[in-house]
1. Rolling a 1.4 angstrom probe over the protein heavy atoms, how many square angstrom per residue are accessible across the chain?
2. Which distance in nm do the two modelled labels at residue 100 and residue 118 give, with both placed 7 Å along the Cα-to-Cβ direction?
3. Add +1 for every Lys or Arg and -1 for every Asp or Glu among the other residues with Cβ under 11 Å from the Cβ of residue 46, and state the total.
4. Near the amide H of residue 73, under 5 Å away, which other amide H atoms are found, from residues 5 or more places off or on another chain, if H is placed in the peptide plane?
5. Which value, to two decimals, describes the C-alpha radius of gyration of region 33-169 once divided by 2.2 N^0.38 Å?
6. Taking K and R as +1 and D and E as -1, what net charge do the other residues with C-beta under 12 Å from the C-beta of residue 67 add up to?
7. In whole angstrom, how long is each semi-axis of the equivalent ellipsoid of region 31-103, when you take the square root of 5 times every eigenvalue of its Cα gyration tensor and sort them from largest down?
8. What residue among 118, 136, 153 shows peak mean-square fluctuation when the chain is described by a Gaussian network model with Cα springs under 10 Å?
Amino acid sequence: MGEIMVVRHGETEWSAAGRHTSTTDLELTPQGEADARALTRVLANRPFVAVLSSPRRRALRTAELAGLTVTEVDQDAVEWDYGDYEGRTTADIRTEAPDWDLWRDGGPGGETPDQVTVRLDRFLAKLRPMLALGDVAVVTHGHAARALAARWVEQPVAFGAHLTLGTATLSVLGHEHETPSLRMWNAPPA
């Protein structure tokens, strides 16, 4: 059984500032590009039966710089839709909604945790048959990757709140015997 290599995109201006970035299609910063290139040290010799990416430029550029050939762009790999909170920091949001929690509340005008669950469960159902053929790479975003890992280990998306994930990092979703497991998490390029 193959593994899912989860690649979080490199740094953008907004990710560096802690701003929630979903539908806004930003480029990588120079540091984000350098960090994405550094991923080639780990990814260069690893064969993948498929490489799926979010359609956002930051994910596609990360894949390119990391030496991955994207075989499919998949809308289900996009970041959590923050709706009205797009571009804002958590601290800023909490000035008007002090108890707000993305993992519990979602974003007004965006996705709810239940909607993210349905989307990522559909995405995992698509990936599972590919794993019979080998490893799969997924180039995605911070909250989406954390929620994906939560669903992989059969937890609610809110479990993702406990999984810190930096930009341009690698994580591996695999199995311990037949049980889905987090085999590696939030690893910077070697």
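The values are calculated or read from the model by the stated rules, or taken from the named source; none is laboratory data. Nothing here was measured: the structure is a model prediction, and the numbers come from that model. Every residue, glycine as well, gets a Cβ built from its backbone with ideal geometry; the counts of neighbours run over all protein chains shown. Surface areas here come from the heavy atoms of the whole protein model, side chains and all, with no ligands, DNA or RNA. Shrake-Rupley method; radii C 1.70, N 1.55, O 1.52, S 1.80 Å.
1. 45 Å²
2. 2.3 nm
3. Local charge sum for residue 46: -1.
4. 53
5. Normalised by 2.2 N^0.38 Å, the Cα Rg of region 33-169 equals 1.10.
6. Surrounding charge for residue 67 is +2.
7. 32, 15, 10
8. Top of the fluctuation ranking is 118.
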